2 protein chains.
Amino acid sequence: MKQTISKATIERLALYFRMLKSLQENGVQIISSEEMGRKLDITPVQIRKDLALFGQFGMKGIGYYTSELVNQIGNILGLNNRWNMAIVGVGHLGGALANYKNFPALGFNLVALFDKDIRIIGAEVHGIKISDIKNLKSIVTKRKIQIGVITVPATEAQDVANQLVEAGVKGIWNFAPTKIIVPPELQIVNEDLSISLSTLSYYISMKFFQETF
Amino acid sequence: MKQTISKATIERLALYFRMLKSLQENGVQIISSEEMGRKLDITPVQIRKDLALFGQFGMKGIGYYTSELVNQIGNILGLNNRWNMAIVGVGHLGGALANYKNFPALGFNLVALFDKDIRIIGAEVHGIKISDIKNLKSIVTKRKIQIGVITVPATEAQDVANQLVEAGVKGIWNFAPTKIIVPPELQIVNEDLSISLSTLSYYISMKFFQETF
């Protein structure tokens with residue numbers, strides 16, 4: 001059974017999943033909402049409410065079975081599926097992402113890398129050969145790629161997004177610092193470093209202001 | 001004059017700033033809220049409301065002066081200040097960040113890189129020498145570093161955060177996929193790739209579910 005859940009709840013579920021998975025790997029079989037709350041700095045009431053969303057109520061005075069939660073949250077987030085993923089733009093950031101170790105644990109298989117720079121096409125990163133972006137469509141089809149990761153400069157991002165959409169991906173993870181337009185049926189998540197930095201800058205400035213004036 | 005603004009508004013202001021700055025660089029002197037809205041996929045009413053927060057009302061039927069907005073939003077976000085920043089952990093991600101071109105435009109100067117791996121200490125990235133993490137405290141003081149960026153593995157992140165706090169930074173930008181505890185007077189922004197990926201996975205799964213059942 002699936003239902004629509006708010007973005008804030010999805011993000012909390014992702015936090016629970018990550019922590020529970022690591023507990024499970026360390027042999028912890030049962031955990032209470034109080035203990036989860038302490039580890040994540042979230043109130044136990046909030047945690048119990050979130051878990052009740054999918055019928056998990058825990059055992060009074062004892063807690064939740066770790067492995068059961070991992071399974072159920074994983075199902076809700078679709079992390080028990082396997083998604084095939086391609087990175088477009090193998091510069092510094094694309095290269096760093098290609099080496100990101102947590103993808104497989106979240107159900108993401110990196111199966112292709114694309115670039116337009118003939119000097120790096122054919123080179124291997126993390127065991128995957130960099131392909132010419134000209135072959136994007138045929139490789140996306142052949143390797144059944146559902147997710148495209150955009151790590152090209154902002155000026156090229158929309159063009160790359162169009163190519164990914166035309167090739168038939170279901171979702172885009174955009175790292176380019178620009179607004180990308182995609183058809184409404186496509187999912188897009190923006191990872192915008194300049195927004196995070198601006199937020200940090202704002203809070204530090206406020207702090208300095210309060211201290212100084 | 002400064003006031004407390006919600007996180008959602010700060011993130012929108014950061015979006016406005018980025019777009020306006022690029023318009024300004026391209027010689028665009030005046031822009032309407034309708035045009036801003038189209039470019040950013042935000043309603044003009046929302047934009048006018050946000051800008052009115054700091055007394056910007058535009059000129060009826062004409063729009064806003066780009067350079068004035070850039071200045072005022074930059075002031076509010078603290079982006080007209082200069083922040084000295086250090087990256088701790090020069091692996092793939094730390095290296096990619098060290099090469100991130102947008103830092104200076106947002107007022108961030110990368111002035112130090114730290115690692116514990118003796119094989120890379122002394123090497124240069126983007127013109128900055130990698131220092132031994134043992135010298136973190138003295139270098140943070142000497143180079144007046146206010147922001148520490150954490151790009152070490154999750155297991156080492158809290159320890160690095162403690163060292164940064166002790167050295168006197170004002171804010172932390174954390175890329176390690178783990179919860180970091182810092183004193184309440186410190187600002188922390190988490191950049192958690194696994195959360196974004198889980199969100200994308202959830203929405204794509206929902207979509208498949210709706211199509212299949």
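The values are calculated or read from the model by the stated rules, or taken from the named source; none is laboratory data. These figures come from a predicted structure and were not determined experimentally. A quick note on method: Cβ atoms are made from the backbone with ideal geometry, for glycine too, and the neighbour counts reach across all protein chains shown. Remember, those area values only see protein heavy atoms, side chains included, never the ligands or the DNA or RNA. Shrake-Rupley method; radii C 1.70, N 1.55, O 1.52, S 1.80 Å.
Return the sequence-ordered ³J(HN,Hα) values of segment B:137-148 in whole Hz as given by the Karplus equation 6.51 cos²θ - 1.76 cosθ + 1.60 applied to θ = phi - 60°, using x for Gly and Pro.
4, 5, 6, 4, 5, 4, 8, 6, 7, 9, 10, x
Carbon and sulfur together cover what percent of the accessible area of chain A at a 1.4 Å probe radius?
Answer for chain A: carbon and sulfur cover 53 percent of the accessible area.
Using a 1.4 angstrom probe, figure out how much accessible area the protein assembly as shown has per residue, in square angstrom, rounded to the nearest whole.
The answer is 49 Å² per residue.
Mark the label point 7 Å from the Cα of B:A167 along Cα→Cβ and return the residues of segment B:109-123 whose backbone N is within less than 17 Å of it.
Inside the label zone: B:109-118, B:120-123.
What are the label-to-label distances in nm, one decimal and shortest first, from B:G61 to the same spot in the other copies, with labels 7 Å along Cα to Cβ?
List, nearest first: 7.6 nm.
Each label point is 7 Å from the Cα along the Cα-to-Cβ direction; what then is the distance between the points at B:E156 and B:R143, in nm?
Between B:E156 and B:R143, the label points sit 1.7 nm apart.
In nm, to one decimal, how far is the A:K7 label point from the A:N84 one, both placed 7 Å along Cα→Cβ?
It is 3.0 nm.
Determine how large the accessible area of B:H92 is when every protein chain is in place; take a 1.4 Å probe and give Å² rounded to the nearest 10.
110
What are the residues whose amide H is under 5 Å from the amide H of B:V149, where those residues sit 5 or more places off or on another chain and H is modelled from the backbone?
B:A86, B:I87, B:V88, B:W173
Determine the gain in length on full extension of the stretch A:N71-A:K116; use 0.36 nm per residue of separation and subtract their C-alpha separation, reporting nm with one decimal.
Contour length minus Cα-Cα distance gives 12.2 nm.
FRET efficiency for A:N109 and A:F57, Cβ-Cβ distance as r, R0 = 41 Å, nearest 0.05?
Approximately 0.75, to the nearest 0.05.
Rounded to the nearest 100 Å², what's the accessible area chains A and B bury against each other, both chains counted, probe 1.4 Å?
That pair of chains buries around 5800 Å² in total.
In the full protein assembly as shown, how much of A:R82 is accessible to a 1.4 Å probe, in Å² to the nearest 10?
Taking all protein chains as shown, A:R82 has close to 130 Å².
So, in Å, what gap is there between the alpha-carbon centers of segment A:177-207 and segment A:19-63?
30
To the nearest 10 degrees, how steeply does helix B:66-77 sit against the main Cα axis of chain B, on a 0 to 90 scale?
Between the helix axis and the principal axis of chain B, the angle is about 40 degrees.
Sorted by accessible area (1.4 Å probe), largest first, how do B:K7, B:K101 line up?
So the residues, ranked largest to smallest area, are B:K101, B:K7.
Would you kindly derive the ³J(HN,Hα) couplings of segment A:162-172 from the backbone phi angles with the Karplus curve 6.51 cos²θ - 1.76 cosθ + 1.60 (θ = phi - 60°), listing them in order in whole Hz, with x for Gly and Pro?
Computed from phi, the couplings for segment A:162-172 are 4, 5, 5, 4, 4, 6, x, 5, 9, x, 10 Hz.
Place the label 7 angstrom along Cα→C-beta at A:R38 and in each other copy, then list the distances from the first to the rest in nm, shortest first.
Going from nearest to farthest copy, the values are 5.7 nm.
A:G122 label points, 7 Å along Cα→Cβ, one per copy: pairwise distances from this copy to the rest in nm, shortest first?
3.6
What pairs in A:K137/A:K170; A:K179/B:K101; B:K21/B:K101; B:K134/B:K179; B:K21/B:K144 have C-alpha atoms more than 20 Å from each other?
B:K134/B:K179; B:K21/B:K144
When only the heavy atoms of the protein chains count and the probe is 1.4 Å, how do B:V165, A:V45, B:V152 rank by accessible area, highest first?
A:V45, B:V165, B:V152
For a test of the definition: using alpha carbon positions, the gyration tensor, and the 1.5 limit on a/c, classify the protein assembly as shown as rounded, prolate or oblate.
Verdict is rounded for the protein assembly as shown.
Would you mind checking the tilt of helix B:7-25 against the longest principal axis of the Cα atoms of chain B, expressed as 0 to 90 degrees and rounded to 10?
Here the helix axis deviates by roughly 80 degrees.
In chain A, which residue puts its Cβ closest to the axis that turns chain A onto chain B, and how many whole Å away is it?
A:A96, 2
Quick one: ranking A:K134, B:K129 by accessible area, 1.4 Å probe, largest first, what do you get?
A:K134, B:K129
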